[in-house]
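Every read-out reported here was derived from the displayed coordinates using simple, explicitly stated rules and does not represent laboratory data. From a predicted model like this one, the values you see are computed outputs, not experimental measurements. Cβ coordinates were reconstructed from backbone atoms using ideal geometry, including for glycine residues, and neighbour counts include every protein chain displayed.
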Amino acid sequence: MSLIKRNPNGYLALPGLFDDFFNRELFNWGNNNYSSTSTTVPSVNIRENEDAYEVQIAAPGMDKKDFEVKLDGNLLTISSSKQDTSEKQQDNFTRREFSYQSFQRSLELPKDVVDQDNINAKYENGLLLLTIPKKEDAKQKPPRLIEIS
């Protein structure tokens, strides 16, 4: 049983129904990690702290060599591709299986804020972690007391 809230205006509000409809892509009902070609796209988390931006991409089952991280101007592109082939021969049949996984995510970095020369990337335990340091000028400075003369 779900609760229906009555508005002071007299009509019934169905919580979530209209919010869900207008906040989702038209044909992407519940498949937020699927692209238009029905391939999975890893989730990306971006966290900002005082010194840097941290980008986390969940990509389990991949190897460090499967990734390519490229910076072109202010566009940071993270891509990966992995291909597996297996073949099993037994008696009078051959079984071959192929799988191919790839994705590409691009992030536009803020101009004049990040130190593009010192971006660091590492992959461990199924998580690709990029650390994008901020320039000294862009870091938030602590509050200071201004003396009144």
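Can you work out ³J(HN,Hα) from phi for every residue in the range 114-129, in order, using Karplus 6.51 cos²θ - 1.76 cosθ + 1.60 and θ = phi - 60°, giving whole Hz and x for Gly and Pro?
9, 8, 5, 7, 10, 6, 10, 10, 8, 10, 7, 6, x, 10, 8, 10
HN-Hα J couplings of the range 56-63 from phi, Karplus 6.51/-1.76/1.60, θ = phi - 60°, integer Hz, Gly and Pro as x?
Values per residue, Gly and Pro as x: 10, 10, 7, 9, x, x, 9, 10 Hz.
Using the basic label-point model (7 angstrom from Cα toward the beta carbon), what is the LEU107 to ASP91 distance in nanometres?
5.4 nm
Under 29 Å Cα to Cα from LYS82, which lysines show up? Leave out anything in the same chain fewer than 8 places away.
Correct list for LYS82: LYS64, LYS65, LYS70, LYS122.
Multiply the residue separation of LYS139 and LYS64 by 0.36 nm, subtract the distance between their alpha-carbon atoms, and state the gained length in nm to one decimal.
Working: separation 75, 0.36 × 75 = 27.00 nm, distance 3.07 nm.
Once the chain is fully extended between LYS139 and LYS64, it gains 23.9 nm.
Please list the non-local residues whose amide H lies under 5 Å from the amide H of ALA52, H modeled 1.01 Å from N, same-chain partners needing a gap of 5 or more.
Correct list: LYS134.
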